[in-house]
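Trainee: Let me begin by handing over the structure; questions about it come next.
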Amino acid sequence: MNVAEFIDTHAEAILAEWEAFAATRVSSAESMSGRALRDYAAQILRALSADLRLPQTATEQTAKSHGLAPVILDARHTAAEVHGALRAQGGFSMSQLMSEYRALRASVLRLWTTSAEFSYEGSRLEDVIRFNEAIDQAIAESVDYYSGEVERSRAERQAAERALTATHSRLDYAIRLSGVGFWYCDLPFDVLEWDERVKEHFFFEPTARITIEDFYDRIHPEDREPTRQAIEVSTRDHLPYDIAYRTVHPRTGELKWIRALGGTVYGTDGRPIHFDGVTIDVTAQKFSEQRLAESEARQRGVLANMDEAFTLFDQDFNILEINEPASRLVGLPRNELIGRNHWQRFPGTFDSDLGRMYRHVSAHGEPGYLEHRYEFPDGRRSWIEVRAFKVGVDLAVLFRDVTERREIIEALREGDRRKDEFLAMLAHELRNPLAPIRSAAEFLSRIPNSDAPTAAAAAIVKRQAAHIARLVEDLLDVARVTQGQIPLRKSTIDVANIITQAVETYESQLRDKHQRLTISTSGSRSLFVEGDNDRLVQCVGNVLSNAIKYAGPHSEIQITTHADEFRVSVEVADTGSGIAPELLPRIFDLFVQSQRTLDRAQGGLGVGLAVVKRLVEMHGGQVLARSAGEGLGSAFEIRLPRARAPASAVEIADAVKVPPCRVFVVDDNVDAADSLAMLLEMQGHTSMAVHSAREALERIESFQPDVMLIDIGLPDIDGYELVKRLRDRPQWRELRKVALTGYGQAEDKRRALEAGFHAHLVKPVDVPTLERALSGLL
């Protein structure tokens, strides 16, 4: 687990330590925690996590480590900025604010490195560096706004002092800052009385003498007549004077936008005697309005020409803007949508997942995404991909029709389901003939004093039947792994036992190819992992089988175990055919194999390594492949989280001694039933084989069995129904019934146990497993 993931999943623990530490800095910290911590500390953690997930250049990382990351102008304040300002208000010193962040850095790294999810990898150093850079940037933001708050408070105190001691000076200062100029004109107009600011607005020197002709001469030609008319109307009709015009520099042509506000003073006889007012430079505002208008025009052009549908809602979800693709998608003209309320125009969406997402984004400002199935007013049903985000106080939405994509995905899922059903049925059909082959081979191998050719033939049949059984299980594991249907029965396991069991499985193949296997372990103590013993043996066995397959006769294979504080690694290395560089990145994909020879001497289905990868990841580990190239051998390393050694171990006998019992075999496959019965007789049991459920019901009274081995797929009455009928007979209700079938999915086992079977075995079954089932240990 990297730092970002740890922050996301352990935010509460981090915040608790942060708040506890802050309370030790200033006595007021506890009372202000609701405002300064709970409102903003969680946001700081989320910002750190988001920052860690963003790709960054070396320059950006260096800037952050110096607290110099670029600032986004006009953006809302970050949580770190607000936190710094609030700490200043709360009485924290700069040193105490820095202590908070140092404590936060230490808490996150300590909690992360001591958590159960932590494992040491090379990439962790990069995580720590990135985390430190993000903390440095947060410190810079907090300190900046802390200083600003302190400075603001100081400025407010100074302003208050000036207000008490020099009210007139403060007013004069405010006027100068406002940029307002004052003008006074006697009527009729002749010489105009202007202050320095008005003269500046008209590009005059401060000492210049201004006449009414100078006034009109400096106004833009297009604005002169409207200005004359505005003055005339104001003086004649006793109306306020409010106009904006452009002034022009006589030499450079520089323009200013000036707003003039004023009015006329009248004598007792009603004649106008004064025309007075103010001027304000509004150039920046006018240019801003112009840029805004141009921007809005560009935005309208973008919206009109973009292929993706777009809608803009106000805070009440009234439609402010909608482009043509959106109008086409919903099947309504644009003029019937602008200004309408979304909930009213599209009934049923308010309480839907779409409506809830819109309201959450609008309330909290967090971007939202979902795929929503909607029935339009015209009856069309479509899957719509929707992305929503805040724009100021409004809500912007981008959406598109993804019905075709969803239908393709559903078709692929249906294809996967059919594939899995086919694999399950194929496994069942293969298991049925495998069962009698395996039983017959076991029977032949146990005949005392059999001649050498017979024993050799029996051994060959056993090995090849076991090989076919493994191929069937590999096929089924593909379906199980892709659907996440492999349950793990975890316990604390000695890694040496895992390796021993895996090697035992493939000893005959090593002997056949005259390959030499060496096993070495670093250190003298046993190494333990937490996992499913059978599945981990399968992982090591698959990798070992791969090495045997691709290494030539008389070659060397080495299994090496080593460990550190956090993990255990098992490496299987060979001196075989190696892996081509272009194949190495895909070696764990399904159905990927090295180049095959015409005689298919290496065989296989190309699923074993894919199954290993998934199983190891389910145990919280990883598997790596290395090769210098073709002909240079390869190495596969399985890494697993290290577990503590158990306090004690219980020794379990490998062999199960089962007292002789009477076993009733029910299987419509005559060869499977008869060979299994022969094998049971050789084991010292009394057996009877029948080939239908009806025959079993007829002969059970005469045989009086202790255990029944029942096939599920019987032709007349299936195994489930047979068990039900036996349970209806009081004398056979408690009889031990074991399902022996080619159906091996998890659902098949669950159904068998629910039907009344005491155990579920998958064909072909080996003798030790069969004995445990007979004895009740399964």
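The values are calculated or read from the model by the stated rules, or taken from the named source; none is laboratory data. Quick caveat: nothing in here was measured; it's all calculated off a predicted structure. Counting neighbours? That spans all protein chains shown, and the Cβs are built from the backbone with ideal geometry, glycine included. For the accessible areas, the whole protein counts, side chains as well, though only heavy atoms, and no ligand, DNA or RNA atoms are used. Shrake-Rupley method; radii C 1.70, N 1.55, O 1.52, S 1.80 Å.
Trainee: Could you state the per residue volume, in Å³, of the convex hull enclosing the Cα atoms of the stretch 335-455? Write out the running numbers ahead of the final one.
Mentor: Working: hull volume 25.4 nm³, N = 121.
Convex hull of Cα atoms, per residue: 210 Å³.
Trainee: Angle, helix 221-237 long axis vs. longest principal axis of the chain, Cα atoms, 0 to 90°, nearest 10?
Mentor: 60 degrees
Trainee: Got a sec? Charge dipole of the chain, +1 on Cβ for Lys and Arg, -1 for Asp and Glu; which of VAL665, SER352, LEU337 is way out at the positive end?
Mentor: VAL665
Trainee: Report, to the nearest 10°, how far helix 94-113 tilts away from the longest principal axis of the Cα atoms in the chain, using its own Cα long axis and a range of 0 to 90°.
Mentor: Compared with the principal axis, the helix lies near 20 degrees.
Trainee: In Å², what does the accessible area per residue of the chain work out to with a 1.4 Å probe? Please list the in-between numbers first.
Mentor: Details: 42020 Å² over 778 residues.
Ligands and nucleic acids excluded, the figure is 54 Å² per residue.
Trainee: Can you give me the C-alpha center-to-center distance between the stretch 330-352 and the stretch 501-522, rounded to a whole angstrom?
Mentor: 71 Å
Trainee: With angles folded into 0 to 90 degrees, how steeply does helix 670-682 sit against the dominant principal axis of the chain? Use alpha carbons for both and round to 10.
Mentor: Relative to the chain, helix 670-682 is tipped by roughly 70 degrees.
Trainee: Largest first, please: the extent of the C-alpha atoms of the chain along each principal axis, to the nearest Å.
Mentor: The principal-axis extents, from largest down, are 144, 66, 58 Å.
Trainee: On to the next question. In the structure shown, do any of LYS462/LYS513; LYS490/LYS749; LYS549/LYS763; LYS490/LYS724 have a Cα-Cα gap over 22 Å, and if so which? Walk me through the numbers before you get to the answer.
Mentor: On the way: LYS462/LYS513 18 Å; LYS490/LYS749 19 Å; LYS549/LYS763 26 Å; LYS490/LYS724 34 Å.
The pairs that break the limit, which is 22 Å between Cα atoms, are LYS549/LYS763; LYS490/LYS724.
Trainee: So how strong a dipole does the chain carry about its Cα centre when Lys and Arg Cβ are +1 and Asp and Glu Cβ are -1, to the nearest 20 debye? Let's see the in-between values first.
Mentor: Numbers: 94 positive and 117 negative charges, 357 e Å.
Result for the chain is approximately 1720 debye, rounded to the nearest 20.
Trainee: Counting only C-alpha contacts under 8 Å and six or more residues apart, can you give the relative contact order of the stretch 712-778 as a whole percent? Intermediate results must be reported in sequence, preceding the final value.
Mentor: On the way: 62 pairs, mean separation 19.4, N = 67.
That works out to 29 percent.
Trainee: Still on this model: Pull up all non-local amide H partners of LEU370: gap of 5 or more, or a different chain, and H-to-H distance under 5 Å with H placed in the peptide plane.
Mentor: VAL386
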